[in-house]
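The structure under discussion appears below in the form of structure tokens.
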Amino acid sequence: MNVVYSARYRIDIGPHVYPTEKYRLIYERLIETGVITASDVVEPDIATWEQLGLVHTPEYLAKMGKGDVTDEDIAQLELPWSREMVDGFRLMVGGTIRAALIACGAEVRSLKSEVGSPADFKLRTSDFHVVCHIGGGLHHAFPNHGEGFCPFNDVAVAARVLQSRGIERIAIVDLDVHHGNGTAFIFESDPRVFTFSMHQQHNYPMWKPRGSLDIGLPDGAHDATFLRELARGLAAVSAHAPQAAFYLAGADPYEDDQLGGLRLTKDGLHRRDRMVIDMVHAAGVPLVIVLAGGYARRIDDTVAIHTATIEEARRRS
């Protein structure tokens, strides 16, 4: 099983609830425990501005590229602008693009020059193949602005890249504790992309654009309610008959997360992961797993949850 990762995902954003250090810690834990080896790891290429333009507006990209951001932009994004921040998240978008192309049959090699140009290979969408990205899940980014720690929407960009390669039907399963508002908005008029978000209803963001299927859970839902509703949601995803799937495996539904209140246990999160991976395995299509949020009071809990997700993917690969 390939895993996409870069040490450059540790982005200096100052004192912050978003621990970009988690990516390095997850990578090291996976190596130390033997879940992956160095030969499994693929370095991403930075997403080009052309690739980002498949989703984001030219005006927004110019603003981010030049640093012409206002105080209002920074308040909405909740990250300080810097060249390092922009390039780090461009690289993370490139990581999700690369994971998607590998999952769908591209060779493990540099693909940057091929994206958006005529295909010289045929993507595979007829069998299960999972690739994990130790990063990504930036689902609050809209075409014309960033929000909630998300400057660019990596999954949306990667989905558009796959569409440019001829993949018609895509499913996005978003189980971060927060609604995937940017992703829902981006694909609201594209029936080929099924967006399923299951989240804490009374939590950020305030405006939740309608996706293909949205399940807003009450505060303190805990494991049983979450898993029951997940089974219902995954049945709808399966009925869409996707040719490829993305899974945003947020760690923030965890019971000790600082920004979430669904109160899931680690066991409940593990069962969640297994249900999603089993559904995609049964559908027999490629799967890309990205990490999304995770803000536990103890960073080791966040690392353990994300590591368990990748361990489960390895078990099924």
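The values are calculated or read from the model by the stated rules, or taken from the named source; none is laboratory data. Bear in mind that the values here come from a model prediction, so they are computed numbers and not experimental data. Positions of Cβ are backbone-derived with ideal geometry, glycine not excepted, and every protein chain shown enters the neighbour counts. Surface areas here come from the heavy atoms of the whole protein model, side chains and all, with no ligands, DNA or RNA. Shrake-Rupley method; radii C 1.70, N 1.55, O 1.52, S 1.80 Å.
The figure for Ser82 is an accessible area of roughly 30 square angstrom, using a 1.4 Å probe on the protein chains alone. Taking each residue as 0.36 nm, the span from Arg315 to Ala236 lengthens on full extension beyond its C-alpha to C-alpha distance by 26.0 nm.
A probe of 1.4 angstrom, applied to the heavy atoms of all protein chains, finds Thr37 with accessible area near 70 square angstrom.
Calculate how many DSSP beta bridges within segment 190-317 are antiparallel, expressed in % of all such bridges and rounded to the nearest 5.
On the way: 1 of 11 bridges.
That works out to approximately 10 percent antiparallel.
Measuring nothing but protein heavy atoms, the accessible surface of the chain at 1.4 Å probe radius is 50 percent carbon and sulfur.
Solvent exposure of the chain amounts to 38 Å² per residue of accessible area, where only protein heavy atoms count and the probe is 1.4 Å. A probe of 1.4 angstrom, applied to the heavy atoms of all protein chains, finds Trp49 with accessible area near 90 square angstrom. Each residue, Ala38 and Ser82, gets one label point 7 Å from its Cα in the Cβ direction; the gap between the two is 2.9 nm. Note on segment 204-255 and segment 34-105: Cα centroid distance 24 Å, given to the nearest whole angstrom. Figure legend: label point modelled 7 angstrom from the Cα of His202 along Cα→Cβ; residues of segment 259-279 with amide N under 18 Å from it are 259-264.
State the antiparallel share, in %, of DSSP beta bridges confined to the chain, rounding to the nearest 5. Don't skip to the answer; put the middle values down first.
On the way: 3 of 30 bridges.
The answer is about 10 percent antiparallel.
Put a plus charge on the Cβ of each Lys and Arg, a minus charge on the Cβ of each Asp and Glu, and nothing anywhere else: the dipole of the chain about its Cα centre is then about 760 debye. Listed values [x] 41, 20, 17; [y] 30, 22, 18; [z] 24, 23, 20 include one computed from this model; for semi-axes √(5λ) of the Cα gyration tensor in Å that value carries the label [z].
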